[in-house]
Amino acid sequence: MVNDMHCFKVAEKFVSINGEGQRAGELAVFLRFCSCNLNCSYCDTRWANTTYVKYELATAEELVEYVKSTGVKNVTLTGGEPLLQTDIIRLIVLLEKSGAEVEIETNGSILLKDIVSLSPRPAITADYKLPSSRMETYMLTENFSYLTLCDSVKFVVGDFGDLVRAEEIINKYGLTNICHIYFSPVFGKIKPEEIVKFIKAHKLNGVRLQLQLHKIIWNPDMHGV
């Protein structure tokens, strides 16, 4: 039996197109890990964070072999919260050595200092949780200092108040000069045209509206896509 101490709890692994971020529309291998330290009001992967979720135990080496077997270069580490995984740095290093191009989707509450020190380092898509998420108090704005134009900050927008707060954060930290910025609507909570109207009215140069492609192409609740 594989020792749990040296394994990742993988909720699912699959090949699809990237639904969001700088690589949206590109083929990617997804490794989704169990557990998260936040509980966002709109979380669409809460199922992966429950104590009864079915998962696969896999070592870093086994995950690298799986990625290699797909023939797909882009790898997205997601969750849950991938940076909670004890051996995540080792996995990233092994993936990069195998020729993979790694992207990490992180919730913005975990320090990125060790991740960005890697060479080559993965691309980062970091959330900034807005008021409707009820998780904003956990955001580490120190992380903005570690981002570059290889990285992105994603604001998941649920209502008009979120848009106002996102603009405040962008302006306060000069984010459009640091990295890519995305506004992504909470599915079914705010109309994309409302976000476009706000971007136009406030002259938000450098901010991009992004819809979750996988929720448009497939059933919004479908796993493995």
| field | Subset of the stretch 128-146 that is part of a helix (DSSP H, G or I) and under 11 Å from ARG165 (Cβ atoms) - its residue that is least open to solvent (accessible area, probe 1.4 Å) | value | SER133
| task | Just give me the residues in the stretch 25-52 being in contact with a helix residue (DSSP H, G or I) (Cβ under 9 Å, 6 or more places away or on another chain) and either modelled with pLDDT under 90 or charged (D, E, K, R) (or both), in sequence order. | result | ARG32, ASP44
| So, of the residues in the stretch 1-10 that are open to solvent by less than 40 Å² (accessible area, probe 1.4 Å) and of a type outside the set (Val, Ile, Thr), which turns out to be nearest to PRO131 (Cα to Cα)? | PHE8
| note | If we keep only residues of the stretch 11-37 that are among the charged types (D, E, K, R) and within 19 Å of ARG208 (Cβ to Cβ), then the residue surrounded by the fewest Cβ atoms within 10 Å (Cβ to Cβ) is GLU26
| Looking only at the stretch 52-87, which residues are in contact (Cβ under 8 Å) with a residue 24 or more places away in the chain, assigned to a helix (DSSP H, G or I) and either hydroxyl-bearing (Ser, Thr, Tyr) or buried (at least 17 other Cβ atoms within 10 Å of the Cβ) (or both)? | ALA60, LEU63, VAL64, TYR66, VAL67, THR70, PRO82, LEU83, LEU84
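The values are calculated or read from the model by the stated rules, or taken from the named source; none is laboratory data. What you are looking at is a predicted structure, and each value in this text was computed from that prediction instead of being measured. Please note: Cβ atoms are built from the backbone with ideal geometry, for glycine as well, and neighbour counts cover all protein chains shown. Protein only, heavy atoms only, side chains kept; ligands, DNA and RNA dropped before computing areas. Shrake-Rupley method; radii C 1.70, N 1.55, O 1.52, S 1.80 Å.
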